[in-house]
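Quick note: the coordinates plus some simple rules give every number you see, no bench work behind them. These numbers were taken from a predicted model, which means no experiment stands behind them. Positions of Cβ are backbone-derived with ideal geometry, glycine not excepted, and every protein chain shown enters the neighbour counts.
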Amino acid sequence: MKKLNNPFDQMPAYHCFGCSESNHHGLRMEFYEDGDEVISTWTPGHQFQGYFNILHGGIQSTLMDEIASWVVFVKAKTGGVTSRLSTRFRKPVYLDEGPVKLRARLKATNSRTATIEVKLYNSREVLCSESEVEYFMLSPEKASESMRYPGVEAFYES
């Protein structure tokens, strides 16, 4: 398993709610590559509560949307925007049970879209929620121009 760099964090005024280290109100996710999957382990805090001691479903969806974007960055080698997010909540995610693990993989692509499968597991490795995320992909040139996509190599530099 290889840790992925966040090349965006070096850019001025970058404050992504999902992955920016400088956004102290955000999720501050980190990502790893393991074969054809992108993985993230994240520990929920009580500020992300929905019902008592349960991780808010909107935060679960945000976690899954964010990791899907990283699949597009490193597996599709471009940037894009979410066009559809379909989430199924199977079991509650309890805040006091420790970190959750997200696993995401590229399920299908065509010239304009990527479909990403994301699964969120609790600390006991029980599947709690899953999403199918559809991304509208930009050409690498357009992603570089409009989103400052630095190229896939930037995610692997040490």
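Annotations
- Sole residue being under 15 Å from the mean Cα position of the chain (by Cα) and surrounded by fewer than 18 Cβ atoms within 10 Å (Cβ to Cβ), chosen from ARG124, ARG103, ARG112, ARG90: ARG103
- Residues in region 71-86 that are under 16 Å from LEU27 (Cβ atoms) and either of a type outside the set (S, T, N, Q) or surrounded by 16 or more Cβ atoms within 10 Å (Cβ to Cβ) (or both): LEU85 only.
- Annotation: SER139 fulfils all but one of (1) hydroxyl-bearing (Ser, Thr, Tyr); (2) closer than 30 Å to GLY45 by Cα; (3) in contact with a Ser or Thr (Cβ under 9 Å, 6 or more places away or on another chain); the unmet one is (2).
- Qualifying position, being over 18 Å from GLU66 (Cα atoms), among the polar types (S, T, N, Q) and touching a residue at least 40 places away in the same chain (Cβ under 8 Å), among SER139, SER123, SER111, SER131: SER139
- Scanning region 16-62 for residues that are among the charged types (D, E, K, R) and free of Cβ contacts under 8 Å to residues at least 24 places away in the same chain yields GLU21, ARG28.
- Residue check, ALA68 surrounded by fewer than 21 Cβ atoms within 10 Å (Cβ to Cβ), touching a residue at least 40 places away in the same chain (Cβ under 8 Å) and either out of contact with any Gly (no Cβ under 9 Å at 6 or more places or on another chain) or under 15 Å from ILE39 (Cα atoms) (or both): no
- Entry remark, region 127-158: residues being surrounded by 16 or more Cβ atoms within 10 Å (Cβ to Cβ) and polar (S, T, N, Q) number 2 in total.
- Verdict on ALA13 being of a type in the set (A, V, I, L, M, F, W, C), touching a residue at least 60 places away in the same chain (Cβ under 8 Å) and either surrounded by 15 or more Cβ atoms within 10 Å (Cβ to Cβ) or more than 22 Å from PHE89 (Cβ to Cβ) (or both): no
- When VAL118 is tested against (1) closer than 13 Å to VAL71 by Cα; (2) more than 12 Å from the chain's Cα centre (by Cα); (3) in contact (Cβ under 8 Å) with a residue 24 or more places away in the chain, only condition (2) is not met.
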